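Undergrad: Below is a structure I'd like to ask you about.
The values are calculated or read from the model by the stated rules, or taken from the named source; none is laboratory data. None of the values given here were measured: they were computed from a predicted structure. Positions of Cβ are generated from backbone atoms using ideal geometry, with glycine treated the same way; all protein chains shown enter the neighbour counts.
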Amino acid sequence: MNCSSELENKIVKTGLCTSCGACQGLCPYWLSHRGKTIQMFSCDREEGRCYAFCPRTKTDLAKLREEFFPDADYIPEIGPFYGLYMTRAADADIRAKSQHGGTTTALVELAMRKGLIDAAILTDAKGGVNPKGVLVKKPQDVRKYSGSSFQIPPVLATLNKALEENRYKKIGVVGTPCKTLAVYKMKSRPFPDNDGNAGNIGMVFGLFCGWGLDWEGLEKLVQRHAAGKQLEHMDILPSKFHQMVLKTSKKQMEVPLEEIYPIVKGSCNYCVDMTAEFSDISVGGARSSEGWDVDQGWNQVIVRTEKGVKLIDLARKEGILEFKAVAESNLEKIKQASLNKKKTGLKNLRKLSGSKNNLIYLNPDEPGIEKACIDMA
């Protein structure tokens with residue numbers, strides 16, 4: 001069976017496809033429409049980048065870590081680790097337009113300004129509905145794309161196109177865990193003679209992620225609660241609030257999670273990565289004893305590589321980020337939340353495969369997975 005058919009039958013049809021876009025922009029056979037990956041034609045290649053880059057095809061995670069994170073500590077629940085920080089953008093304008101503390105926006109802007117990257121692949125969230133991937137070429141344009149969407153656009157198709165043009169030599173990428181894993185599969189150059197200019201990928205900025213939402217399902221939900229109104233922001237609050245918030249310029253609406261759970265994207269049920277373990281820096285919403293009124297303005301940041309250390313130190317030195325003390329309990333809380341996601345993903349993968357030992361795209365002996373399996377026993 002050729003790689004195109006394998007991808008269609010084993011990934012798309014089984015519900016594993018994350019709609020990340022890693023298979024798109026490489027050939028005319030794969031496209032995306034409203035959050036769904038579509039095979040336009042079958043090809044006869046036995047091997048192809050579409051299959052090799054997919055984050056849901058068989059992946060040797062340990063080998064990837066050895067190649068790209070050789071000097072980092074390794075924590076089974078959350079991956080490569082240099083340190084945990086609590087930060088926010090020092091620029092109040094960035095904070096005002098960002099999902100939470102604006103750390104990602106501030107870091108990407110700084111990295112571009114200092115030449116650590118020369119372009120960036122971001123998501124134009126559009127208030128949360130109908131997002132799309134964008135290539136940003138100037139640091140002053142980064143903050144235009146602050147904010148998040150819980151729909152999953154094929155952002156990596158935009159990356160593939162930029163790599164093909166071979167104009168930018170240090171492209172930064174911001175993405176959720178499935179996207180950042182795909183980027184590292186690209187960086188591993190499985191086809192050295194046809195690597196798609198993967199060496200032009202610079203820094204990778206990961207985003208903490210619990211799950212994304214079905215494209216059409218979210219549109220219908222927004223229509224019910226904010227019909228005809230332009231959304232400016234959406235967010236999932238901490239679990240104790242049990243709600244999603246939708247904001248327009250004039251109104252805020254609280255939607256109970258009972259309406260959200262039925263539209264969680266199916267492929268998210270098979271994900272075992274909450275903190276974007278394959279990235280230089282991972283950023284998520286803050287959680288602390290100070291409560292949500294404070295936390296919503298801050299981020300938790302995991303630094304994973306020496307590049308990440310260099311950038312976070314530069315942000316501190318230049319006053320781009322504000323820092324505050326991280327409570328001793330925060331790391332354990334992140335580890336437990338991440339472990340819980342791994343256990344849920346493994347449970348669903350076993351159910352899908354029909355076998356306790358068949359985790360489809362994961363190796364049961366991989367340390368992070370083995371830790372979760374032992375905990376489930």
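Undergrad: When GLY175 is evaluated against the numbered criteria (1) at pLDDT below 95; (2) within 12 Å of the chain's Cα centre (by Cα); (3) of a type outside the set (Phe, Trp, Tyr), which criterion, by number, is the only one it fails?
TA: (1)
Undergrad: Look through region 12-44, keep the residues that are in contact with a strand residue (DSSP E or B) (Cβ under 8 Å, 6 or more places away or on another chain) and assigned to a loop (DSSP other than H, G, I, E, B), and return whichever of them is farthest from VAL174 (Cα to Cα).
TA: Checking each candidate, the answer is MET40.
Undergrad: Those residues that are out of contact with any Leu (no Cβ under 8 Å at 6 or more places or on another chain) and either crowded, with 16+ Cβ neighbours inside 10 Å or not assigned by TED's automatic domain parsing to the domain that holds GLY284 (or both), I need them from region 314-334; list them, please.
TA: GLU322
Undergrad: Suppose we keep only residues that are surrounded by fewer than 21 Cβ atoms within 10 Å (Cβ to Cβ) and under 26 Å from LEU346 (Cα atoms) within region 9-45. Which one would you say is modelled with the lowest pLDDT?
TA: Among residues in region 9-45 that are surrounded by fewer than 21 Cβ atoms within 10 Å (Cβ to Cβ) and under 26 Å from LEU346 (Cα atoms), the one modelled with the lowest pLDDT is LYS36.
Undergrad: Step by step: first the residues of region 131-142, then only those that are assigned to a strand (DSSP E or B) and of a type in the set (Val, Ile, Thr), then the one that is farthest from LEU246 (Cα to Cα). Which residue is that?
TA: It comes out as VAL136.
Undergrad: If you go through region 248-272, how many residues are under 22 Å from THR37 (Cα atoms) and not in a helix (DSSP H, G or I)?
TA: Residues flagged as under 22 Å from THR37 (Cα atoms) and not in a helix (DSSP H, G or I) within region 248-272 amount to 4.
Undergrad: Would you check if there is a residue in region 159-171 being assigned to a helix (DSSP H, G or I), charged (D, E, K, R) and not assigned by TED's automatic domain parsing to the domain that holds LYS333?
TA: no
Undergrad: Looking only at region 92-106, decide whether some residue is surrounded by fewer than 22 Cβ atoms within 10 Å (Cβ to Cβ), among the hydroxyl-bearing types (Ser, Thr, Tyr) and modelled with pLDDT of 95 or more.
TA: Among the residues of region 92-106, not one is surrounded by fewer than 22 Cβ atoms within 10 Å (Cβ to Cβ), among the hydroxyl-bearing types (Ser, Thr, Tyr) and modelled with pLDDT of 95 or more, which makes the answer no.
Undergrad: Same structure, new question: GLU258 - would you say it is of a type in the set (D, E, K, R) and either under 16 Å from ILE152 (Cα atoms) or free of Cβ contacts under 8 Å to residues at least 12 places away in the same chain (or both)?
TA: yes
Undergrad: Here is a follow-up. I'd like to verify a number: residues in region 78-130 that are of a type in the set (Gly, Ala, Ser), assigned to a helix (DSSP H, G or I) and touching an Asp or Glu at 6+ places or on another chain (Cβ under 8 Å), how many?
TA: Total satisfying the criteria: 2.
Undergrad: Read through the list (1) assigned to a loop (DSSP other than H, G, I, E, B); (2) more than 23 Å from LYS187 (Cβ to Cβ), then give the number of the only condition that ASN9 fails.
TA: (1)
Undergrad: What pairs come up if the first residue lies in region 119-148 and is closer than 23 Å to VAL183 by Cα, the second is of a type in the set (Lys, Arg), and their beta carbons are under 6 Å apart, counting only those six or more places apart or on different chains?
TA: Note: pairs meeting the criteria are ALA119/LYS137; ASP124/LYS132; PRO139/ARG113; SER146/LYS97.
Undergrad: Here is a list: TYR270, TYR184. Which entry is among the aromatic types (Phe, Trp, Tyr), assigned by TED's automatic domain parsing to the domain that holds LYS310, closer than 22 Å to LYS335 by Cα and modelled with pLDDT of 95 or more?
TA: None of the others qualify; the one that does is TYR270.
Undergrad: Which residue pairs have Cβ atoms closer than 6 Å, lie 6 or more positions apart in sequence or on different chains, and pair a first residue in region 74-103 that is farther than 12 Å from TRP298 by Cα with a second residue that is of a type in the set (Asp, Glu)?
TA: Listed by first residue and then by second, the contacts come to GLY79/GLU277; PHE81/ASP73.
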